[in-house]
Amino acid sequence: MTGRAPSFAAQLAELESQGLLRTRRVVASAPATRIEVDGVQRTAFCSNDYLGLAQHPALIDAATTALREFGVGGTASHLISGHHASHARLEARLQAYLGRPCLVFSSGYAANTGALPALADAGDVLFCDALIHASLIDGARLSRARIERFAHNDMADLRHRLGSVSARRKLIVVDGVYSMDGDLAPLPDLLELAERHDAWLYVDDAHAFGVLGAGGRGTPAYFGLDSSRIIQLCTFGKAAGVAGAALCAEAEVVAWLVQRARSYVYSTAMPPALAAALDASLGLFADEDGRQRLAANIERFRKGCDSLPWTLLPSITPIQPLVVGDVVRVMAIAQALWEQGIWVPAIRPPTVPAGSARLRVSLSAAHTSDDVDLLIRALRRCAREC
Ligand SMILES: Cc1ncc(COP(=O)(O)O)c(C=O)c1O
């Protein structure tokens with residue numbers, strides 16, 4: 001190519017030379033803990049299918065029946081002709097489950113990038129935790145609101161910023177469970193600050209929905225909170241085993257999002273069959289068995305990591321990060337695990353701060369104790385030999 005614009009090839013080469021080039025592996029089997037990937041079998045610790053529902057017969061049956069009856073496509077946006085009875089049923093089930101109105105989006109990314117610009121505009125301020133998910137950052141940038149980033153889970157910093165900024169509307173934006181660290185937002189403290197400063201509290205509960213709180217209702221339930229100030233994002237591509245998301249909030253907030261969330265208004269609705277599968281998935285959430293098996297796996301894994309030389313971050317969630325630090329070293333360990341039949345992703349900057357490259361172990365209720373022991377043995381071997 002000619003011309004003066006910088007070439008992408010040079011940028012790609014630079015990423016490669018820094019060990020930061022991302023590649024994709026091809027999975028050729030059904031979602032499970034043992035999968036066929038790039039033509040070989042691996043035990044996987046990298047999926048967000050925390051309850052092992054992605055292959056559940058009840059979901060497959062519901063989707064199959066709906067596919068035969070309603071076809072494949074969403075066919076139009078919700079405000080034109082895409083709002084199907086299965087979406088309405090799903091929203092009604094969610095409302096009964098979470099106790100407040102819910103609005104279904106086709107993904108968590110769409111929900112965050114649509115909702116934040118609808119909820120905050122010029123003259124408003126978004127107080128964002130330093131480690132919020134990329135989709136929230138993008139949503140915040142799309143809004144015309146001023147963005148105040150406070151240090152991760154640092155209530156003193158947030159209190160100071162809330163007190164020193166005046167705005168028409170204030171929104172505190174956090175992840176319920178942080179996706180690369182596995183720790184929780186201190187929701188009771190955040191809600192207290194929201195009340196004192198008359199702010200909304202937007203909680204991205206992607207990694208908590210189905211996992212934490214009674215019936216898997218997420219971090220507000222985990223902390224026993226019930227407040228009209230909380231706007232909770234639940235995503236369906238993780239513990240629910242399907243795809244999509246819902247925002248759960250007061251009726252006036254949901255009504256406003258229907259009018260103004262551009263990713264809702266200007267995008268094709270989720271296919272009705274997925275909404276039907278989600279309805280079936282939510283029907284299984286009340287069963288505590290999966291969460292108990294998941295908790296047992298988390299405990300077993302953490303005990304087994306005792307003697308490893310890397311820092312296991314404090315986490316009661318399926319996200320169990322082992323911080324190695326150096327990019328080259330983390331890649332070498334991930335490769336050594338791969339050669340032992342195990343797939344654990346290495347997470348590098350810019351997804352995590354420089355110097356904190358890590359192995360991100362994701363546990364599921366579908367893992368057996370033998371799977372967890374296999375991983376622990378492989379990690380110990382890497383610690384000795386890598
Ligand atoms: C914290 C968090 N929020 C939002 C999303 C986006 O959700 P989705 O995958 O449904 O687009 C993710 C997914 O990776 C996430 O981890």
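What to note about this one:
- Exclusive hit being farther than 30 Å from HIS197 by Cβ, under 17 Å from the mean Cα position of the chain (by Cα) and in a helix (DSSP H, G or I), set LEU284, LEU274, LEU278: LEU278
- Scanning segment 360-370 for residues that are more than 17 Å from the chain's Cα centre (by Cα) and either in a strand (DSSP E or B) or surrounded by fewer than 20 Cβ atoms within 10 Å (Cβ to Cβ) (or both) turns up THR368, SER369, ASP370.
- In the condition set (1) under 22 Å from ASN297 (Cα atoms); (2) free of Cβ contacts under 8 Å to residues at least 60 places away in the same chain; (3) in a loop (DSSP other than H, G, I, E, B), VAL323 is compliant with all but (3).
Here's the yes/no breakdown for (1) at pLDDT 95 or above; (2) more than 10 Å from the ligand (Cβ to nearest atom); (3) part of a helix (DSSP H, G or I):
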| residue | (1), (2), (3) |
| --- | --- |
| GLN95 | yes, yes, yes |
| ARG100 | yes, yes, no |
| ASN112 | yes, no, yes |
| ALA115 | yes, yes, yes |
| ALA118 | yes, yes, yes |
| ILE137 | yes, yes, yes |
| ALA140 | yes, yes, yes |
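- Residue among ALA194, ALA239, ALA185 that alone is crowded, with 23+ Cβ neighbours inside 10 Å, within 13 Å of the ligand (Cβ to nearest atom), within 14 Å of CYS128 (Cα to Cα) and small (Gly, Ala, Ser): ALA185
- Selection of segment 197-236 for residues being among the polar types (S, T, N, Q) and either within 15 Å of VAL253 (Cβ to Cβ) or more than 13 Å from the ligand (Cβ to nearest atom) (or both) yields SER227, SER228, GLN232.
- Scope segment 32-54; condition touching a residue at least 60 places away in the same chain (Cβ under 8 Å) and part of a loop (DSSP other than H, G, I, E, B); matching residues: ALA32, THR33, PHE45, CYS46, SER47, ASN48, ASP49, TYR50, LEU51, GLY52, LEU53, ALA54
- The strands (runs of 3 or more DSSP E) located wholly in segment 197-259 that include 2 or more residues which are out of contact with any Phe, Trp or Tyr (no Cβ under 9 Å at 6 or more places or on another chain) and in contact (Cβ under 8 Å) with a residue 60 or more places away in the chain occupy 200-204.
- Qualifying residue in segment 120-132 (condition: closer than 18 Å to VAL242 by Cα, modelled with pLDDT of 95 or more, in the same structural domain as GLY244 (by TED's automatic domain parsing) and aliphatic (A, V, I, L, M)): no
- Candidates MET155, MET180 - the one that is of a type in the set (A, V, I, L, M, F, W, C), away from the ligand (no atom under 16 Å from the Cβ) and either on the phi > 0 side of the Ramachandran plot or modelled with pLDDT of 95 or more (or both): MET155
The values are calculated or read from the model by the stated rules, or taken from the named source; none is laboratory data. If you're wondering where the values come from, they're calculated on a predicted model, not measured in any experiment. Don't worry about glycine lacking a Cβ; one is built from the backbone with ideal geometry, like all the others, and counts go over all protein chains shown.
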